[in-house]
Amino acid sequence: MAADSSKQAGRLAKQISGFAKRHGGSAEAQIAYVGQRGFRISLVSADGTWGDLMAPSKEAAEDAVQAAGATLKESFDGEMAEHMRTGPYEWERMAGIQVGGPANR
């Protein structure tokens, strides 16, 4: 089981490193438990691009973030959110999920 976790962490670390490299050279990460599916690694890069990855365990998520050299944050706080860059797609999606907003497509 530990070998599987190590392999998964290695694959995730490569994805995190690639994301950071493509978007300004660094990234901040926050890990959150999302139930049976595992742990979400939310990422915000130096240029404000954001995304997430799923890890099967907290250990794999933490190992991946550390191996990638990303900054691990305890919570997705206002400082982290402030760095996010949003565009028309995100605003349309956010409006679509509001009560009374346009329906999702």
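Grab the strands (runs of 3 or more DSSP E) fully contained in the range 3-99, keeping just those with 3 or more residues being open to solvent by less than 70 Å² (accessible area, probe 1.4 Å).
27-33, 39-45, 50-55
Within the range 13-24, is there a residue that is among the β-branched types (Val, Ile, Thr) and closer than 11 Å to Ala70 by Cβ?
Within the range 13-24, one or more residues are among the β-branched types (Val, Ile, Thr) and closer than 11 Å to Ala70 by Cβ.
Looking at the range 33-86, which of the residues that are of a type in the set (S, T, N, Q) and farther than 22 Å from Ser5 by Cα is modelled with the lowest pLDDT?
Thr86
So which pairs qualify, if the first residue must be in the range 79-92 and free of Cβ contacts under 8 Å to residues at least 12 places away in the same chain, the second must be open to solvent by less than 100 Å² (accessible area, probe 1.4 Å) and charged (D, E, K, R), the Cβ gap must be under 9 Å, and the two must be at least 6 apart or on different chains?
What qualifies is Glu79/Glu28; Glu79/Lys73.
The values are calculated or read from the model by the stated rules, or taken from the named source; none is laboratory data. Remember, it's a predicted structure, so these values are computed and weren't measured experimentally. Neighbour counts are summed over all protein chains in view; Cβ atoms, including those assigned to glycine, are modelled from backbone coordinates with ideal geometry. Areas reflect the complete protein model, heavy atoms only, side chains present, ligands, DNA and RNA absent. Shrake-Rupley method; radii C 1.70, N 1.55, O 1.52, S 1.80 Å.
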